[in-house]
Structure formats: structure tokens, C-alpha cells
Amino acid sequence: MKNRLMGSEKTFFIIACVLVVIFALFCLLPVVLVISASLTDERALVADGYRLIPSKFSFASYTYLWRQRSMIGRAYMISIIVTLVGTVLGVIFTAMCAYPLSRSSFRWRNIFTFLIFFTMLFNGGVVSSYIIWSRGFHIKNTIFALIFPNYLVGAFNIILVKNYYQNNIPASLIEAAKLDGATEPQIFTKIMLPLSKPVIVTITMFSSLAYWNDWTNGLYYINKKELFSVQLMLNEIQQNVMLLRTANDRLGAASVNVADIPSNGVRMAIALIALLPIMIIFPFIQKELIKGVVIGAVKG
Amino acid sequence: MPFFGLMAPALIYIFINNYLPMFGVFIAFKNINYSKGIFGSDWIGFKNFEFLFKTKDAYIMLRNTLGYNLLFIVLGIVLSVSLAILMNEIGKTLLAKIAQPIIIFPNMISMVIVAYIGFAFLNSQTGFINKSILPGSPISWYSKAQYWPYILTVVHIWKVTGYGSIIYMASIGGIDKELFEAARVDGASRWRQILHITLPLLKPTVIIMVLMSISKIFNSDFGLFYQVPMNSGVLYKTTQTIDTYVYRALMEQSDIGMSSAASLFQSVVGFVLVIVANQIVAKVDADNRLF
């Protein structure tokens, strides 16, 4: 009896391992395909197609990109600036707003919490948002268009931080600081911020991922190439590839200059370079990220 | 007063980014003419909505939005729960430590890059599928609408299953280990333990996740439906959703009337569904209700 049970547990364990390996490969192989394509000789890539292992190895795509570094470098700088400014401002504003809402002595806290929370239930939609940002604030083709719409401060993060303050920082600590003559801004910077590091790390991570990966703000508000972030540059290249394809279908109606479109391998190399920062930091943040998802789901 | 000072930047931002657009929904009831200005344009009542729902576009985008969402909800639950159970079975082995980051990594990739990955598989001349899997009979994927329900479903599964399983893994981790031990002593196999302990105890989490997804059933992942088919016009039949329609009507056709009508329709129905979902969650499990 016992042996049969142990035997079946072992079989079950092996089946579970096999299935997990299969799913992990399913997640991993598409990325491997792109890495392999970026390292394949262009003529071999056209002849043999995209393969999981390069049919003929070549660094040409990357040396080409190195020569084009001024264009890619600028897009990279835009992405870095937008991610840094957006995340830093957003996280500070979020924490500043969450603190008063966490204080039971603040008379207006329920009404403001509700007003902030309400934005999670109802939104005016893309169209009126677009008209307000573009016609009201004239942010089209400015770098602000990549920072301000949608991502700067969100109700979800404010409530996450507010709950953290309420549940993890004892009110007696704040009372003691007030007796010592600390002002509210001082309490916020000297006590609340340092003590809420875990939740600040969580929202910083989500916010910077959102900014780095965003391309929708650019799609709506940016058409000047000098302001393209890495994601927008990728989007533009891909759209040109499609235009060329349809133009070829219509025979000769080409409105796209073939020379403007990087070769297959180069395109995949650019995509990988856009993904590189995430690939580098991901192993370090993934545990925090998992914790963040769980807290968010429970306390959101 | 210092409280208001601290809150001011976020409150001003939320007013501009979230509340002004809510007041802006009146646009959907106007015939916008920029020469008259937004406020000066004529009121036309529900005309924009009437026009919109008479078009074939409306039927296609509603069918696609709802159809994909239903499919994604069912598959999402089944696959994420299964994956969470499997990950729990392999425990804290080296395999688990390696697999964990790999299965959530696709969620970190921007949809633009996902479109590149899709192109590596699907482009007709050099793509992995046509060259390595179907060398004899290549298929022109980006112009055949009938394949896209499958393609988009696979991409969606690839991107969200691992990430979606995190919450179920946390739930399973919270189950009292003694329950499993007791079942084991009684001679229950792992399979029976999953069937009679894990799954029933996951039920509340599953119900809440399903209700949350249903409340978003009129929303779609704009990136998935816009980027992955590479904005290809011949695929609209199976790739157009409310979100891609709103973008195209607004930015490509400058049709503010239709796009604002579709957009407001989506917001209002979404609002009603969130309220209803919350009422149901409150009945099922009061601790997990949203508000």
C-alpha cells in the first residue's frame, strides 16, 4: 500500500516536471528564435528562414547597429529619460498623496479616497482623453506626451501605498513625532517614506516597466522621429515593413523606400536591444514582482 | 492644510487625466466640427450611436471583443490553475527556481516586441512556421483572417498564463499543509489530493478572478489586437475589437463621432459590469469585494 502510494507520487512528480519543462520551453523558445535570427547571416536567414539555431553565424546585424548608433542611441535616451522622469515623479506624487489618506485624523480622507478610487470604476474613454491632452494641453509632439497621459499617477498605486501605511506603520510613531514638534511634511519624509520601502519598491518596478514598454502614448501623440522612444522606433520600422508588403502586392505602388527598412536580422537585433534592460534586471526583480502581484490582488 | 499640499500634485493630475475626460464624454453627443470648436459644435443626441450600431463594423467588433474575452477567460483559468498546481507539485526544486522566472517573462515584453516575435514565426517568405514546419505549402498568414483566432489565442496564452498563475500559486501556498498530510496518511494519491483539497480550496479565488474578468469583458488588450496582426487591414474581420476600432476611427479616419460613441459605450457598459461583479463578489466572499 505505502509503496504503491510512493510509486504513484513519484510518477506524478515526474509528469509534473515534464509538463513544466514543456511550458517553460513554450515560453522561452520564441525569444530564442529572435536571438538566433539576430545572430544569423542575412543571406542564410533569407534562404533558410528563421531558425532556433543560426544556420550561419554572424555578428553583422550588431556591427551594423553599432554603426547606426546615433539613431538608436537617441531613441534609447528618450526611453531612459521618459522612464526615469515618469517613474520618479509618479512614485513621489503617489506616496505624497497616500500619506494624508492614511491618517485617520484627516477629515476629508474618505471623500478623497472615494474620488480617487472612482477613477478605477469609470473612465471617460480614449477619445475625450485624447482631445483633452492634445487640444487642451497641446502636448502633441512634445516629450511630455510620453510622460503625462495615463501612466504618471494611478488610483491603484495610491490605494496600495495608503493601505501599506495604515497596516504597517503604527499610529503611535506619528503621534510621538508630532509631540516632538515634527511637521506633516517632515513626518512624511523622515518616517513614512523610509518605513515604506517595500511598497515603494513595488510601485517603482511596475511604473518603470510600464514606461519602458509603452508605445501607445507615442502612437497617439508623437509623429516627429526625433521624439521616438525605442518602442516607437520599433513600431515605425514594423509599419514600414507592412506598407512595403501591401505596396508590393499592388505592384509598383511603392510609397516606402526599401533602403529605409533594416534587414530581417537587424530588425530582430533592435528588438532584442529594446528588451535588453528588462532581461538584465528581471532576474533581480522577479521575486519582488511576484510579491507585488500578490499584494495587489489581495489589497487592490 | 499641509495634507492638501502633499496631495495636490496627484489630485491635480487625476483631475486632468481622469476627471476631465469624464466630463468630455459629451463629445459623443455632438457633431464635432473643429471650425465651430468643441463646445460650439451642434448637439445631435444619440445619432452617433445610431450610426455606429447600424454599421457592420459594430457587429464585428462586438462579436470579436466578447468572443475573444470569453475564450481567454475560460482558457486563462484552466491553464493558469493547472500551471499553478504543477509548479506547486515540483515544489522548491532547482527546476522550479529556473522555470518560475521563465514562465512570467513573456509578460514583461512589450507588445511591439511581441509583434516582432510573431513576425519571426509567421512572415510568409522566411518565417519559422512556413520554412521549418510547413516547407511544402507556405501560408500567407498576414492576409488570411481565418487563422488569427488561433494565432491570437496562442500569443495571449504565451503572454499571460505564467503571470496569471502567480495568484493561484499564492492561494495554494496558503493551504494548510496538514490537510495534505492527513489525506496522504489515509492513502489518497496526489491526484486525489488535488481533486479533493486543492481545487475546492481554490474555488473562491477562481470565482473572484472570473468575475473580475467578466467585468472587463468589453475591454480588449489593444496591443495584442493592434500590434500582433501588424495593423493588417485584411485581417480586421477576426482582429478588430472595440479598442482597435476606437483607435482607427479616431486616428486614421478622424471620425470623432463614431470613435467617441464606441468609446463611451465601452466605458458605460464596463462601469455597469464592474458594479454588478462587485455585488456578486460581495455575496460570494465579502472579504474580497472591491468596495
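Inter-part distance, segment A:83-106 to segment B:1-80, computed on C-alpha centroids, equals 26 Å.
Counting only Cα atoms, the size of chain A along its three principal axes is 76, 76, 35 Å, in decreasing order.
Of all complete DSSP H helices in chain B, those with a Cα span along the helix axis of 30 Å or greater and a mean Kyte-Doolittle hydropathy of -1.0 or more are B:56-89, B:148-173, B:256-284. Compared with the dominant Cα axis of chain A, that is its longest principal axis, helix A:264-299 is turned about 30°. Rounded to the nearest 500, the helix-only mean residue ellipticity at 222 nm of chain B stands at -20000 deg cm²/dmol, with each DSSP H run of n ≥ 4 adding -39,500 (n - 2.57). Here r is the Cβ-Cβ distance between residue A:197 and residue A:281 and R0 is 22 Å; the resulting FRET efficiency, rounded to 0.05, is 0.80. The Kirkwood radius of chain B, taken over pairs of alpha-carbon atoms, gives through the Stokes-Einstein law at 37 °C and 0.692 mPa s a diffusion coefficient of 146 µm² s⁻¹.
Averaged over peptide A:225-237, how many Cβ atoms belonging to another chain are found within 10 Å of each residue's Cβ? Each step should come with its number before you reach the end.
On the way: counts 0, 0, 0, 0, 0, 3, 4, 1, 1, 6, 7, 1, 2.
That average works out to 2.
Judged by the mean number of other Cβ atoms found within 10 Å, the most tightly packed of the peptides A:134-144, A:104-114, A:191-201 leads the ranking A:191-201, A:134-144, A:104-114.
Could you give the length gained by full extension between residue A:46 and residue A:62, i.e. 0.36 nm per residue of separation minus their alpha carbon distance, to one decimal place?
Working: separation 16, 0.36 × 16 = 5.76 nm, distance 1.74 nm.
In short, 4.0 nm is gained.
Based on Cα contacts under 8 Å between residues 6+ apart, chain B shows a relative contact order of 26 percent. As a calculated quantity, the FRET efficiency between residue B:185 and residue B:97 at R0 = 41 Å, using C-beta atoms, amounts to about 0.90. How are the C-alpha pair distances of segment A:149-188 spread across 10 Å bins, as whole percents from the shortest bin up? In whole percents, the pair-distance histogram is 25, 38, 27, 9, 1. In the elastic network of chain B, a GNM with C-alpha springs shorter than 10 Å, the most mobile of B:236, B:116, B:150 is B:150.
Taking every alpha-carbon pair in segment A:1-133 and binning the separations at 10 Å intervals from zero gives 9, 14, 17, 17, 21, 16, 5, 0 percent.
Find, among the trypsin sites (Lys or Arg not before Pro) in segment B:1-107, those assigned to loop by DSSP (not H, G, I, E, B) with at most 12 other beta-carbon atoms within 10 angstrom.
Here the sparse-neighbourhood loop sites are B:36, B:92.
Across peptide B:92-103, how many C-beta atoms of other chains are within 10 Å of each residue C-beta, on average? It would help to have the intermediate numbers written out before the result.
Values: counts 0, 4, 0, 5, 3, 0, 3, 8, 5, 9, 9, 6.
Shielding by partners across B:92-103 averages 4.
Under 37 °C and 0.692 mPa s, how fast does the protein assembly as shown diffuse according to Stokes-Einstein, given a Kirkwood radius computed over C-alpha pairs? Answer in µm²/s, whole number.
Working: Rh = 26.3 Å.
The Stokes-Einstein estimate is 125 µm²/s.
Taking A:21, A:241, A:31 as the candidate residues, the one with maximal mean-square fluctuation in a Gaussian network model of chain A, Cα springs under 10 Å, is A:21. In chain A, Cα pairs under 8 Å separated by at least six residues give a relative contact order of 27 percent. Comparing A:23, A:57, A:188 in a Gaussian network model of chain A (Cα springs below 10 Å), the most mobile by mean-square fluctuation is A:23.
Values quoted throughout were computed directly from the atomic coordinates according to the rules given, and no laboratory measurement underlies them. Bear in mind that the values here come from a model prediction, so they are computed numbers and not experimental data. Note: ideal-geometry Cβ built from the backbone for every residue, glycine included; neighbour counts use all protein chains shown.
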